[in-house]
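Read the structure below first, then the notes.
Each value in this text was obtained by applying a stated rule to the coordinates, not by laboratory testing. Since we're looking at a predicted model, the values are computed, not measured. Cβ placement follows ideal geometry from the backbone for every residue including glycine, while neighbour counts extend to all protein chains displayed.
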Amino acid sequence: MNSVGDKAVPHLFWRWVFATSWGWLLGFAFMMIGAIAADLLLGAERAQFHIGLSMGAGIGYAQVRVTTRLLRIGNTWGWACVVGMAAPFVASDILRATWPGLSYLYSLWLSAACGGLLVGLLQRPMLRPHVPSAYWWIPASMAGWMLAAATPFLYGTFPGLGAGVGAALINVAAIPLGGVMLGIVTGGTLVRLLRSGSHAA
């Protein structure tokens, strides 16, 4: 059932965390470009659709480079990230257009949680040939994306910093932290699932 060799599994965790981390930064760069484009072309300054689309694309592209090599899963893994993360953010834009009082950060966190759930649901069938309990990937994906999306709230945990250099440093540090957290949660789960699949085979 498991196509990954036992020697490859220990290295998978660090490869996964590294890939997810730089994929997060790539997605952040896409997001900045998307924000400018959404504002200039659509006049949608507070739109969120480009956030899910960009982060899903960055993470998906980076993770595909790992899943293709070790699990023989192709680009469908990346497209699951793109579609799964983009859909809730598009729905959030529609919801906030009809309900203007919805908080921007709250809808951001909720969209990421729903996106993580949808990504997990879409990717689970791809893991089933490799692990017997692939359903655990769904809560792991949701938890990882929720924690990653919570990094913008770090500023609120240090109210004494105000708007000075300390606050700026925390905001900058929070950017790569999201990818690291996502990589640790999903990478740890993936390694554990593959090991259980190897023992069951």
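Distance in nm between label sites at W79 and F18, each 7 Å beyond Cα in the beta-carbon direction?
If labels sit at W79 and F18, their model points lie 2.9 nm apart.
Taking K and R as +1 and D and E as -1, what net charge do the other residues with C-beta under 12 Å from the C-beta of Q63 add up to?
+3
Given a Förster distance of 45 angstrom, what is the FRET efficiency for S133 paired with A97, based on the Cβ-Cβ distance and rounded to 0.05?
0.65
Compute the semi-axes of the equivalent ellipsoid of region 23-149, taking the square root of 5 times each eigenvalue of the Cα gyration tensor, and list them largest first in whole Å.
Details: eigenvalues 150, 54, 20 Å².
That gives 27, 16, 10 Å for the three semi-axes.
Compute the signed sum of charges (Lys and Arg +1, Asp and Glu -1) over the other residues within less than 12 Å, Cβ to Cβ, of F49.
+1
Rounded to the nearest whole Å³, what is the per residue volume of the convex hull around the Cα atoms of region 16-89?
Residue-normalised Cα hull volume stands at 72 Å³.
Could you calculate the contour length gain from A29 to R65, that is, 0.36 nm times the residue separation minus the distance between their Cα atoms, to one decimal place in nm?
Full extension from A29 to R65 adds 11.1 nm.
Calculate the spin-label point distance for W109 paired with H11, positioning each point 7 Å from the Cα along the beta-carbon direction, and give it in nanometres.
If labels sit at H11 and W109, their model points lie 4.0 nm apart.
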